[in-house]
1. Out of Lys142, Lys173, report the one residue that is part of a helix (DSSP H, G or I) and either modelled with pLDDT under 95 or of a type outside the set (Asp, Glu) (or both).
2. Where in the range 1-112 are the strands (runs of 3 or more DSSP E), entirely inside, with at least 1 residues that are over 30 Å from Ala205 (Cβ atoms)?
3. Quick one: which strands (runs of 3 or more DSSP E) lie wholly within the range 225-334 and hold at least 3 residues that are within 19 Å of the chain's Cα centre (by Cα) and under 29 Å from Gly105 (Cα atoms)?
4. Out of the residues in the range 116-150 that are more than 18 Å from Asp64 (Cα to Cα) and among the aliphatic types (A, V, I, L, M), state the one that is surrounded by the fewest Cβ atoms within 10 Å (Cβ to Cβ).
5. Mind listing just one residue for me: the one in the range 58-82 that is polar (S, T, N, Q) and more than 26 Å from Phe372 (Cα to Cα) and, of those, most open to solvent (accessible area, probe 1.4 Å)?
6. Looking only at the range 12-70, filter to residues that are of a type in the set (Lys, Arg) and over 17 Å from the mean Cα position of the chain (by Cα); which one of those is nearest to Ala109 (Cα to Cα)?
7. With (1) surrounded by fewer than 22 Cβ atoms within 10 Å (Cβ to Cβ); (2) touching a strand residue (DSSP E or B) at 6+ places or on another chain (Cβ under 8 Å); (3) over 17 Å from Leu33 (Cβ atoms) as the list, and Ser175 as the residue in question, which single condition is left unmet?
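The values are calculated or read from the model by the stated rules, or taken from the named source; none is laboratory data. Everything numeric here is computed off the predicted structure, so don't read it as measured data. Virtual Cβ from ideal backbone geometry, glycine too; neighbours counted across all protein chains shown. What goes into the accessible areas is simple: the full protein's heavy atoms, side chains included, and nothing from ligands, DNA or RNA. Shrake-Rupley method; radii C 1.70, N 1.55, O 1.52, S 1.80 Å.
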Amino acid sequence: MRASNPDVVIVGAGIAGASIAAVLARGGVEVMLLERQRGYRDRVRGEYMAEWGVLEARTLGLEDVIRSTQAVDARYSVPYDELFAQSIAEEMKIDRSAVFPDVRGPLCACHPKACQALAEDAARSGAELVWGVAEVRVQTGKRPSISFRNGTEREVRPRLIIGADGRASTVRKQSCIHINKAPATHVVAGLLVEGASRWPDDQYAIGVERDLQFYVFPQGAGRLRLYTCHANEQANRWAGRAGAQRFIEAFAGLRSIPESLGLADVKPAGPCGTFSGEQTWCDEPYADGVVLLGDAGGYDDPVDGQGLSLAMRDVRQLSELLLASGDWTAATLREYGEQRAERLRRMRRVSKTFAALMTTFTDAGRARRDRFYAASSAGREDVRMALGAIFRGPDRLPSEAFTDRLHESLLA
């Protein structure tokens, strides 16, 4: 029989929330998982998990859950770019399985399917999963309370509330947890497409042409997630009913990518969404009886695709802390907050550099990107240090890899 007051209530059953629900429930914690949706839908959100994120998911026992959605290993990275002939770009193909001996490369999955699989795993592990939740109200304190409506009004008093409810987190706002924000230098747009049977399932691409940075991530079965980064003043570039078609036409017109890969043949399989590329963070992502997880506690610029990996690292650190100690007070959560703040600080420095390299659509920007590619191909140590966290994570490199001096010298 369900406890009337569970140990933990998690608000948000996305990737982060469903993952920690599964891990805590397996560890014997009584968990209630709340989700406002009644079913997952495509919202143009992260489906690329970097190599270091795959290791995090594996440590949590969640890699196989995500793989069960027919996720694919994007082993090879090809830098299709206006700076190179297509044949040169293909000669520069990188085998990402070389980053870690036991990881086959980044993992690409369908976001709604991954959320569903993780939520079902949490329920199998013993979590109480409540769908269609509205009107969430949080009261912080040593014994916090949370009320919500799900057909009827319900109130519970858990030991801890975990806010995993995304960028516009209700839990964060009601807990009066302050969030910092660095303005965006660009916007990001994405579209799920189908009919891409000629694109290899084990290959992804990131490049620049004219005034667009573009990404192509496989999802298997002829589906791709296409993304662009472009200037803030063009935030409405793909707006309107014809936006998705214009988006596809832009990819079909890229000279950097071979016609033989079939991007002119694709059709929309989801909404075309645009969102800003700002960086946010909480210095203290916790309060009495409340802690934030994933995007709710701040998120990195998606330009370098670290969102899912950072979420998995949050889940591992917070779950290990909660399972290791019966003391869930704010004083105990401080360690999680400090380490999380440092992770985001490090990745902000990396993504700022990557954005400067890839989204400066000027002659000077192209010249700098050309120098970067040359230095990267030559195996220069400053490039490996400055951008290595994109593949290896922020915790596996020394603090010198994240200094302004190093990054500014790379961009000079």
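1. The match here is Lys173.
2. Here the list reads 8-11, 31-34.
3. In the range 225-334, the matching strands (runs of 3 or more DSSP E) lie at 267-276, 279-281.
4. Filtering the range 116-150 for residues more than 18 Å from Asp64 (Cα to Cα) gives 126-150.
Checking the rest, the ones that are also among the aliphatic types (A, V, I, L, M) come to 127, 129-130, 133-134, 136, 138, 146.
Numbers: Ala127: 27, Leu129: 17, Val130: 16, Val133: 20, Ala134: 10, Val136: 20, Val138: 22, Ile146: 22.
Top of the filtered list is Ala134.
5. The qualifying residue most open to solvent (accessible area, probe 1.4 Å) is Gln70.
6. Here the answer is Arg38.
7. Only one criterion is unmet by Ser175, namely (1).
Let's see how each residue does on (1) buried (at least 18 other Cβ atoms within 10 Å of the Cβ); (2) aromatic (Phe, Trp, Tyr); (3) closer than 21 Å to Arg43 by Cα:
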position: Ala242; (1), (2), (3): no, no, yes
position: Ile248; (1), (2), (3): yes, no, yes
position: Glu259; (1), (2), (3): no, no, no
position: Glu284; (1), (2), (3): no, no, no
position: Ala287; (1), (2), (3): yes, no, no
position: Val290; (1), (2), (3): yes, no, no
